[in-house]
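See below for the structure under consideration.
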Amino acid sequence: MHSPVLRLIGRQLGSALITLILVSLVIFAITSLLPGDTAKLVLGQFATPDQVAALRAKLGLDQPAPLRYLHWLGGLMTGHLGVSASNDMPVSTLIAQRLPASLLLAGITTLVSVPLALGIGMISAMYRGRLADSALNVVTLAMVAIPDFLVAILLILLFAVHLGWLPALSYISSIHGVGDFLRVYAMPVATLCTVLVAQMARMTRIALINELDSAYIEMARLKGIGPVRCVLVHALPNAIGPIANAIALSLSYLMGGIVIVETIFNYPGLASLMVDAVSNQDLPLVQACAMLFCAFYLLLILLAELAALLANPKLRTR
Amino acid sequence: MTESISASRFGESLTVSGLRVVARPYRGAPETPIVDDITFSLPAGEVLALIGETGSGKSTIALALMGHARRGCRLADGRIMLGEISVLEASERTLRGLRGDRIAYIAQSATAAFNPAKTLMAQVIEGVVIHGQMSRSKARDKARALFAELMLPDPEHIGDRYPHEVSGGQLQRAMAAMALISDPALIILDEPTTALDVTTQIEVLQTFKRVVRERGATAVYVSHDLAVVAQVADHVLVLNQGRVCELATVDQIIHAPADDYTRRLMEAARPTTDKPADRDTTDSASHGEELLRIDHLHVGYGPLGEDGRPAHTVLENLSLQLNTGRALGVIGESGSGKSTMAHAIAGLVPPHNGGVSFKRRELPYALSGRDQQQFRDIQMVFQSADNALNAAHSVRRILERPLQRYFDYTRDERHARVRELLDLVHLPSRVLSVRPGALSGGQKQRVNLARALAAEPSLIICDEVTSALDTVVSEAILNLLNDLRRELGVAYLFISHDISTVRRVCDDLMVLRAGRCVEYGACPTTIDAPQHAYTRQLIASIPELRTDWLDRQDFSSG
């Protein structure tokens with residue numbers, strides 16, 4: 001139990017739990033403040049006051065807010081996420097239907113963007129101040145500056161409308177074979193990658209440049225070590241801490257970006273479920289999705305901290 | 001073992017002619033030479049010392065010998081011949097082949113020059129393995145033999161450790177192993193002992209001297225310390241502002257320096273044995289009022305143990321008394337706790353036991369418990385003026401800040417006081433509008449001192465105030481400190497690792513070792529007739545300006 005890795009995991013899990021509880025409080029407070037009444041919304045404008053009162057009682061909306069919160073929190077702890085207000089299905093079932101598709105999209109995006117960003121960052125750092133670096137700088141700056149929905153629309157205009165190469169909407173059910181898979185995922189993944197790659201590449205570049213300026217890199221050069229090996233073998237292990245944290249922060253953006261991208265491409269993931277839930281005032285569903293996103297973010301941070309720890313012998317061997 | 005690794009190849013001769021390195025401080029700026037017209041030749045197997053002050057270009061030349069220029073610099077002109085190889089005409093690929101094979105480099109700070117994420121062994125053998133000079137397992141064997149030859153502890157396994165797991169002196173030896181593993185024809189040593197404690201420096205110097213001589217390698221030794229250079233070099237090249245002042249044998253430089261600048265360097269390097277006339281050296285207790293008194297001070301960190309003491313002790317049972325207008329020198333090597341002592345008095349580190357009183361009033365441990373008067377009365381001057389002065393503030397703003405905090409001056413009074421302060425530290429008033437970045441190292445330290453004086457303190461804690469400065473500049477700062485004490489009657493707690501600077505300023509001397517006071521007494525008597533063996537060792541470890549000094553030192557004295 002004295003290994004620093006276990007200690008870190010324990011500490012991080014503990015603080016993650018506290019964060020989740022605080023977040024649950026905030027989410028609950030905000031969703032309670034949303035205007036409108038779920039019961040009225042579900043039953044439509046012609047419902048009698050009796051019907052509304054009955055549904056309110058069934059949904060537990062007639063209870064005071066602190067009690068509702070505790071009830072909900074208790075449900076979360078025991079894995080009962082509640083029942084969706086708008087379509088009467090367990091929230092967990094609804095999420096389970098949509099989550100895999102979102103995870104797949106996020107996973108593919110990660111697999112494409114992280115290596116690409118690391119590569120761009122390394123090349124920029126190695127050719128600092130030279131033409132390749134300046135060119136990459138301009139490109140990544142532009143990529144950060146353009147909003148993702150605009151990228152998505154431009155991609156659709158070009159590849160779906162004008163060239164007709166790719167489908168404008170992502171119907172997963174139409175996938176038969178690798179070609180279809182690539183055609184369906186090309187634009188959503190490209191949209192998500194634009195911003196992600198740019199952010200991560202710039203952070204990688206800065207972290208590496210910091211290391212490349214240090215005395216031990218000069219020493220390595222004076223030992224006759226080539227520039228590629230200097231970056232990969234010498235600088236990178238020392239830059240992993242900041243790089244991993246930058247990647248975790250960028251990927252946490254992914255959860256927000258995915259909402260926009262899934263909506264634009266009509267991709268059947270978690271995001272469209274959540275957007276529908278908000279417009280339907282389906283509080284249990286909104287709350288569960290928000291908690292899920294938060295937990296995902298905390299997991300990313302934990303992984304980043306672990307990577308930083310494992311890369312640093314000073315911390316690892318203590 | 002030593003037989004099998006002794007050099008099979010001899011050193012090569014080195015000829016440099018008309019070397020010029022230029023720098024472009026920022027994009028679009030004109031190129032300015034850092035070193036110019038450097039010409040010398042060194043026969044195979046001999047040692048040349050490059051000596052000069054900060055900014056004289058000695059490291060630039062050392063790096064140029066390997067065909068390397070730092071960022072923003074360019075090797076503009078000249079010829080460097082190592083044997084038959086022309087270094088400056090070699091392609092990048094050829095250069096890479098030369099470095100870590102025929103030419104080896106030993107850097108100033110081994111702590112910074114070792115990659116913290118890799119084991120010592122991986123870094124020591126990397127060069128020869130990459131160059132295909134030997135197989136990984138052969139390289140490991142040779143590295144272990146070198147570790148043994150360089151007298152590293154546990155040579156079989158020390159290679160498996162990471163840089164932070166060994167001491168500074170050991171790292172410096174490991175770096176020597178890294179340089180020697182390829183049996184280089186030319187070894188470049190860039191201030192290899194500057195970052196080490198004096199007692200460690202001796203041992204490392206002796207080892208370096210022996211291995212370089214045994215291998216018959218040609219070596220270039222970069223240093224700012226003439227006394228160190230006198231021990232290892234055959235020839236000395238004195239540099240001033242990027243140009244050659246004098247090139248001669250080491251005996252000539254020491255006994256008959258021809259150049260003015262060389263003579264000035266020699267002056268500054270010779271320890272001043274004569275006591276400044278204006279200082280009385282009588283017993284401190286009989287002078288002045290009691291200012292600072294420390295009784296049985298204990299400082300540590302970490303969780304408290306069962307006996308109520310912290311897990312790691314830094315200072316143990318420390319007592320001292322400092323009277324008004326007196327100067328107490330605290331001397332010790334790195335890790336002896338001398339800075340911790342300063343921090344405890346300044347209120348930056350809470351002691352866990354012991355009494356501190358100031359002007360016969362108890363001085364609370366924590367800053368939050370101290371009143372305005374106590375804040376004002378104790379001021380601190382840090383080693384690095386670069387870090388202590390806010391780089392974004394002008395000198396005027398830096399000096400006015402304490403005046404606004406402690407005194408109710410009008411605007412005009414404040415301006416007048418700032419000018420007075422500048423006069424005190426001998427700075428022209430035109431520095432007021434500039435930021436610290438535009439000042440030289442010595443000027444920055446003067447501003448640093450003026451900032452402390454602005455509060456009109458009775459005690460100034462000086463933490464290694466001259467260690468970042470060149471000898472000539474630090475002489476001037478020490479003189480200034482003495483003048484200020486005479487004029488203002490301020491007391492100093494003067495912390496240093498260098499006995500000769502303490503001698504220049506202090507009345508009393510305290511020697512710290514591993515958090516304990518081993519000797520405490522009047523300064524001249526303690527230095528001239530040290531009672532404790534450790535004090536004797538410290539004093540004996542300071543290199544003297546004689547070429548035979550190192551060889552006469554008994555290694556086992558520590």
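Taken together, the values in this text are just the output of simple stated rules run on the coordinates, not laboratory data. Being a predicted model, the structure only gives us computed values, none of them experimental. Virtual Cβ from ideal backbone geometry, glycine too; neighbours counted across all protein chains shown.
So the values come out like this:
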read-out: Calculated FRET value between B:E89 and B:N353, using beta carbons and R₀ = 56 Å, to 0.05; value: 0.25
read-out: Relative contact order for chain B, counting Cα pairs under 8 Å that sit 6 or more residues apart, in percent; value: 15
read-out: Mean Cβ neighbour count within 10 Å, used as a protection proxy, ranking B:292-299, B:489-496 highest first; value: B:489-496, B:292-299
read-out: Relative contact order (%) - chain A, alpha-carbon pairs under 8 angstrom, separation at least six; value: 27
read-out: Helix A:91-126 axis, angle to chain A major axis (alpha carbon atoms, nearest 10°); value: 20
read-out: Net lengthening on full extension, A:L73/A:I146 (0.36 nm per residue, minus Cα-Cα); value: 22.3 nm
read-out: Zone residues, region B:526-547, relative to B:H255, backbone N less than 12 Å from point 7 Å out along Cα-to-Cβ; value: B:547
read-out: Charge dipole (chain A, unit charges on Cβ, about Cα centre) - positive-most of A:V26, A:N245, A:S113; value: A:N245
read-out: Charged-residue dipole, Cβ positions (Lys, Arg, Asp, Glu), the protein assembly as shown about Cα centre, Debye nearest 20; value: 1680
read-out: Label point distance in nm, B:R401-A:A295, each placed 7 Å from Cα along Cα→Cβ; value: 4.9
read-out: Under 5 Å, built H, 5+ apart or other chain: amide partners of B:D101; value: none
read-out: Positive minus negative residues near B:S41 (Lys, Arg vs Asp, Glu; Cβ under 14 Å); value: -2
read-out: Hz values of 3J(HN,Hα) by residue in region B:407-413 - Karplus curve (6.51, -1.76, 1.60), Gly and Pro given as x; value: 10, 9, 8, 6, 4, 5, 4
read-out: Cβ neighbours within 10 Å from other chains - mean over B:114-123; value: 5
read-out: Residue-count net charge about B:A514 - beta-carbon cut-off 13 Å; Lys, Arg +1, Asp, Glu -1; value: 0
read-out: Between region B:147-196 and region B:372-417, the Cα center-to-center distance that results, in Å; value: 44
read-out: Relative contact order for region B:179-272, counting Cα pairs under 8 Å that sit 6 or more residues apart, in percent; value: 22
read-out: Sites A:V26 and B:E289, calculated FRET efficiency, Cβ-Cβ separation with R0 60 Å, nearest 0.05; value: 0.50
read-out: Computed label-point distance, nm, for sites B:R243 and A:S279 using a 7 Å Cα→Cβ extension; value: 8.1
read-out: Listed residue pairs exceeding 26 Å between alpha carbons, taken from B:K142/B:K209; A:K223/B:K209; B:K209/B:K338; value: B:K209/B:K338
read-out: Under the Karplus curve 6.51 cos²θ - 1.76 cosθ + 1.60, θ = phi - 60°, whole-Hz ³J(HN,Hα) for region B:112-122, x wherever Gly or Pro sits; value: 8, 7, 8, 5, x, 9, 10, 5, 4, 4, 4
read-out: Full-extension gain in nm, A:L182 to A:L111, via 0.36 nm per residue minus C-alpha separation; value: 24.2 nm
read-out: Proximal charge balance of B:D371 [Cβ under 11 Å; K/R count +1, D/E count -1]; value: +2
read-out: Selection from A:A101, A:L141, A:I9 lying farthest towards where the dipole of chain A points positive, charges on Cβ; value: A:I9
